[in-house]
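The values are calculated or read from the model by the stated rules, or taken from the named source; none is laboratory data. All figures in this text were calculated on a predicted structure; none of them were measured in a lab. Neighbour counts are summed over all protein chains in view; Cβ atoms, including those assigned to glycine, are modelled from backbone coordinates with ideal geometry. Quick note on the areas: whole protein, heavy atoms, side chains included, nothing else; ligands and nucleic acids left out. Shrake-Rupley method; radii C 1.70, N 1.55, O 1.52, S 1.80 Å.
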Amino acid sequence: MIKKIEVERFTLSCSKPFDEVVAALNSAVGHPDMSEFWKSTHQAQSDAELQNTIEKGLGPTGLMLFAEFDHGAIVRKGTGRATPRMIRFVIGNPLIMRQMAQQIPDAGSYAPVTVLVDERADGVHLSYDRMVSFLAPYGNSEALKVARDLDKKVEALLSSAAG
């Protein structure tokens, strides 16, 4: 079976320097040692212990950084230029993912989410594909409510980082 998904992309741009945008985003999300984090989640003996382990890794936005990819370094190779600068952040909250995946197992394919920060001639762009657009074809109202809340949280983070 193939599900057709129409993705909604939230994008904003700003004149704030790239490094400041990246620093603002980084300061708003947790940065757990992912090796230790996964070990702790697997060793948790109860749901309360699991939740406590996850919550310790969250930043002020209730999100954490899972991975960061410097796509710009790859794109710039061989050009001799310092631009473009482009970083892909994989961020999320496993407790939010769980709420969606309990209703729609495929939600595990979309969470944690990707945020792209890239520098262009007209400024720094911050982009995010809305979770609600990935889950809409499944028609589950409980999962869609969680997805909408996640979208608001991520979009607030991007708006704040853009300053």
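In segment 120-139, the residue that is most open to solvent (accessible area, probe 1.4 Å) out of those that are assigned to a strand (DSSP E or B) and on the phi < 0 side of the Ramachandran plot is Arg120.
Looking for something farther than 30 Å from Val146 by Cα and in a strand (DSSP E or B) - is there at least one such residue anywhere in segment 102-119? Among the residues of segment 102-119, at least one is farther than 30 Å from Val146 by Cα and in a strand (DSSP E or B), which makes the answer yes.
Which of the following residues is under 15 Å from Asp118 (Cα atoms), modelled with pLDDT of 95 or more and either assigned to a strand (DSSP E or B) or aromatic (Phe, Trp, Tyr) (or both): Phe10, Phe37?
On the way: Phe37 fails: under 15 Å from Asp118 (Cα atoms).
Among Phe10, Phe37, only Phe10 is under 15 Å from Asp118 (Cα atoms), modelled with pLDDT of 95 or more and either assigned to a strand (DSSP E or B) or aromatic (Phe, Trp, Tyr) (or both).
For segment 76-101, which positions are in a helix (DSSP H, G or I) and touching a residue at least 24 places away in the same chain (Cβ under 8 Å)? Give the steps one after another, and end with the answer.
Filtering segment 76-101 for residues in a helix (DSSP H, G or I) gives 76, 94-101.
Once the filter is applied, which keeps residues that are in a helix (DSSP H, G or I) and touching a residue at least 24 places away in the same chain (Cβ under 8 Å), segment 76-101 yields Pro94, Leu95, Ile96, Gln99, Met100.
Checked against (1) in contact with a Pro (Cβ under 6 Å, 6 or more places away or on another chain); (2) surrounded by 22 or more Cβ atoms within 10 Å (Cβ to Cβ), Val90 passes all but condition (2).
Entry remark, segment 140-155: residues being open to solvent by less than 60 Å² (accessible area, probe 1.4 Å) and assigned to a helix (DSSP H, G or I) number 8 in total.
Here's a check for you: in segment 52-70, which residue that is assigned to a helix (DSSP H, G or I) and open to solvent by less than 60 Å² (accessible area, probe 1.4 Å) is nearest to Gly123 (Cα to Cα)?
Residues of segment 52-70 that are assigned to a helix (DSSP H, G or I), as a first pass: 52-56.
Subsequent filtering for residues that are open to solvent by less than 60 Å² (accessible area, probe 1.4 Å) retains 53-54.
Details: Thr53: 38, Ile54: 35 Å.
Among residues in segment 52-70 that are assigned to a helix (DSSP H, G or I) and open to solvent by less than 60 Å² (accessible area, probe 1.4 Å), the one nearest to Gly123 (Cα to Cα) is Ile54.
Among the candidates Ala28, Ala23, Ala82, the residue that is surrounded by 15 or more Cβ atoms within 10 Å (Cβ to Cβ) and either out of contact with any Leu (no Cβ under 7 Å at 6 or more places or on another chain) or on the phi < 0 side of the Ramachandran plot (or both) is uniquely Ala28. Got at least one residue in segment 33-50 being more than 22 Å from Leu150 (Cβ to Cβ), touching a strand residue (DSSP E or B) at 6+ places or on another chain (Cβ under 9 Å) and open to solvent by less than 70 Å² (accessible area, probe 1.4 Å)? Checked against the condition, which is being more than 22 Å from Leu150 (Cβ to Cβ), touching a strand residue (DSSP E or B) at 6+ places or on another chain (Cβ under 9 Å) and open to solvent by less than 70 Å² (accessible area, probe 1.4 Å), segment 33-50 yields no hits at all. Taking (1) more than 21 Å from Leu158 (Cα to Cα); (2) touching a Pro at 6+ places or on another chain (Cβ under 8 Å) in turn, Glu119 satisfies each apart from (1).
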